[in-house]
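Taking it in order: structure first as structure tokens, then the write-up.
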Amino acid sequence: MPLLLSRACCALLAVSLLAAPEVEAASRTKSSRTKKTRSTQPPPPSPAPQPEPEPVAPAASPASEETTVVAAAAPPPSKKLSTAAAPKMKQVEAPAAPGSLRIGVGADLFGEGARMSGQQGINASVRDESFDYGSAGFLSATAWVSRAMPSVSERLRLGAGLRIYGNYATSGGREVGFGLLNEAFLSAEYGLPIADQDRVEVVFGGRAGLALLVPGREFEGEILRLREQGVDVWNVPRVGWLLGPSVGVRRRMSERIWLRADLMGQVEQLFLFATSQEISGLRFTKNWSTLSLRLGLNVGAEFAL
């Protein structure tokens, strides 16, 4: 019996040793087939991205609902501010261009032809005191200020000035000193460029104003003589009027300096006496006035402020 068991075990061991190589080869064949099958099969599709869940808004509180309702009910703000709420804006004027306001000074050389028209009467007796004369002087000085008027024309200027003659007296056959003569006038001028990129221009102008004579010398002596005789004449400045055109050339030397020369004509009348009164039962009259025509040349300079 023991002998039979030992022979059976040996037989089983021999069979297992013979079958082991075949089992190993079969397992290798099966694993290689499994690998080939896996390599030939396409990879499984990737799962589609799932949409993210939308955030759930928190429940609105009663206070926020009231705010939303109020905001929806309020009208949209107006783009234009009312005149009451809008701040007042201060308008700032643009600075004037250089040369807009100018001052000028000049010297005048002039000649004059004039007539003094006068008469003196006592009752029906009338004495003619008229005579023609020329001015004893030939030089005067002028100062002026002018401003551009761009609202009308870029080349139009308006201004005012003062002309001083000094002692005004006659020359010729009868020499009479009238006193100190001055003029105040308003002026207008228009400049027309002619050359050199507007540096040179022809200036057409005119002036009108008042003349003022402070009595002196022979004229003052005549006033004092009449006052001593009881005539009511005042020793005060006499007034008159003036009017005249001009044409000239002006050249810009720099940004703020201009030189100019003008030919001028002027008519002027002065009222010296205009008296009529009763003296000791006699009718006394005296009338004097001068009318003069002056032609001259003004040479001067202008400076921008």
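Any read-out appearing in this document is the output of simple, stated calculations on the displayed coordinates, not a laboratory observation. A quick note: this is a predicted structure, and the numbers were derived from the prediction, not measured. Because the Cβ atoms are built from the backbone with ideal geometry, glycine has one as well, and the counts that use them run over all protein chains shown.
Peptides 125-138, 255-268, ordered by how many other C-beta atoms sit within 10 Å of their residues on average, highest first, read 255-268, 125-138. What the phi angles of the range 149-163 give under the Karplus curve with 6.51, -1.76 and 1.60, with θ = phi - 60°, is a coupling list of 10, x, 5, 9, 7, 5, 9, 9, 10, 10, x, 8, x, 9, 10 Hz, glycine and proline written as x.
The amide H of E129, built 1.01 Å from its N in the peptide plane, has G118, Q119, Q120 as neighbours under 5 Å, considering only residues 5 or more places off or on other chains.
Whole-Hz Karplus values for the range 134-145 come out as x, 6, 6, x, 9, 10, 9, 10, 10, 10, 8, 9 Hz, taken residue by residue from phi with 6.51 cos²θ - 1.76 cosθ + 1.60 and θ = phi - 60°; glycine and proline positions read x. Database remark: amide H of G216 closer than 5 angstrom to the amide H of G179, L180 (H placed geometrically; neighbours at sequence offset of 5 or more, or on other chains; Pro and chain starts carry no H). Neighbour counts of C-beta atoms inside 10 Å place I103, I279 in the sequence I279, I103, starting with the fewest.
Here the 3J(HN,Hα) profile of the range 231-243, calculated from phi with Karplus coefficients 6.51, -1.76 and 1.60 at θ = phi - 60°, is 7, 7, 10, 9, 8, 10, x, 9, 10, x, 10, 8, 7 Hz, Gly and Pro shown as x. Sorted largest first, the spans of the alpha carbon positions of the range 228-278 along the three principal axes are 64, 19, 12 Å.
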